[in-house]
Every structure is written in structure tokens, then in C-alpha cells.
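Quick notes on the structure that follows.
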Amino acid sequence: MRPGSRRRSPGCGGQLAELLAHEHASLAVAQRAGGVPGDAPLFTSLFNYRHNGGDDQAPDAFDGIEVAYSQEHTNYPLLVSVNDDGDRLRVVVGAVAPIDPALVAELLCTTVGNLVNVLETDAGTPLAVVGVLGERERRVLEE
């Protein structure tokens, strides 16, 4: 092997192992590698799927201590969390202006509902034809 050359590991596992050298890369390095200008955010949204295993309440960490208030915070302008409680999915959207969190939640629920309908009726339907707009949004676009 030539000096300075890298040995390539076979398969996906080897590729993942090679990425470990970049595990602690700074945000500036990631922005440069992605071609993102330094004053622009690398990411503008966060999608979080949480499988809660059917238990709505987290177990008490300490006897006698009760949670009085809890609120999620993020630095992302848009946060979409899907909470899977085993029996149902609950969508929570957090957004900063001018993003309308209610509209984002509505569009997401419409899209997922349409996807479920397509999967139940014709699973071979191409994803590109699954509707993402509700009746109200379609009317607005048609005006």
C-alpha cells in the first residue's frame, strides 16, 4: 500500500467504520462538506418518531417526585414529532413564524391518511401519485 493511501474496507460495515473518523466533526466542517454557506443553517427542520411502547406515562424516576411542568425546546424552526403510543399516533408540531404549525400538522395527516388509503386499496400505486393536499389547499391553488 502506498503511503497516504487508504485501505478500503469491504461492504457496508467497512464504509460505516470509515465514517467513525468524522464522528466528531464540527458544524463548520459539515457545512463546508455539504456546500452550505457559513451563515445558513445546515438543517432547518427536525422529524422525531418516538415509539413509546403503549405506555403514555414515563415511569417515575424517583419516588415522591412529580413533574409539574414540561416543555420541549429546539433550535430548529420546524419540529415534527410523531408519538407512537402503541394504539394511536399523535403528531406534535412546533414551528416559528411564519410557519403555521397547524397547517403543517394538517398537511402531514392528510398525506399519511392518503398513503394509508392507497396501501389498503392498491399497494402497487407509485408514491408520486399519493395526494399531499386536502380539499381546502387544492381549492386555494385552483383560485
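The values are calculated or read from the model by the stated rules, or taken from the named source; none is laboratory data. Since this is a predicted model, take the numbers as computed values, not measurements. Cβ placement follows ideal geometry from the backbone for every residue including glycine, while neighbour counts extend to all protein chains displayed. The protein model used for the area step is the full one, side chains on, heavy atoms only, and it has no ligands, DNA or RNA in it. Shrake-Rupley method; radii C 1.70, N 1.55, O 1.52, S 1.80 Å.
Details
- Note on the chain: with charges restricted to the Cβ of Lys and Arg (+1) and Asp and Glu (-1), its dipole about the Cα centre is near 1200 debye.
- Sorting His73, His51 by solvent-accessible area of protein heavy atoms yields His73, His51, largest first, with a 1.4 Å probe.
- The phi-based Karplus calculation (6.51 cos²θ - 1.76 cosθ + 1.60; θ = phi - 60°) puts the 3J(HN,Hα) values of the stretch 30-43 at 5, 5, 4, 5, x, x, 8, x, x, 8, 9, x, 6, 10 Hz, whole numbers, x for Gly and Pro.
- Candidate values (i) 2.64; (ii) 1.00; (iii) 1.51, label of the one derived for Cα Rg over 2.2 N^0.38 Å: (iii)
- Leading residue at positive end of dipole, the stretch 8-143 (Cβ point charges), from Ala95, Tyr49, Ser26: Ser26
- Choice from Val129, Val91, Val116 with maximal GNM fluctuation in the chain (Cα, 10 Å cutoff): Val129
- Gaussian network model of the chain, Cα within-10 Å springs - most flexible of Pro77, Pro126, Pro41: Pro126
- Per-residue HN-Hα couplings for the stretch 72-83 [Karplus 6.51, -1.76, 1.60; θ = phi - 60°; Hz; x = Gly/Pro]: 7, 10, 8, 9, 7, x, 9, 10, 10, 10, 10, 9
- Pairwise label distance in nanometres, Val36 with Val129, each label 7 Å out on the Cα-Cβ vector: 3.6 nm
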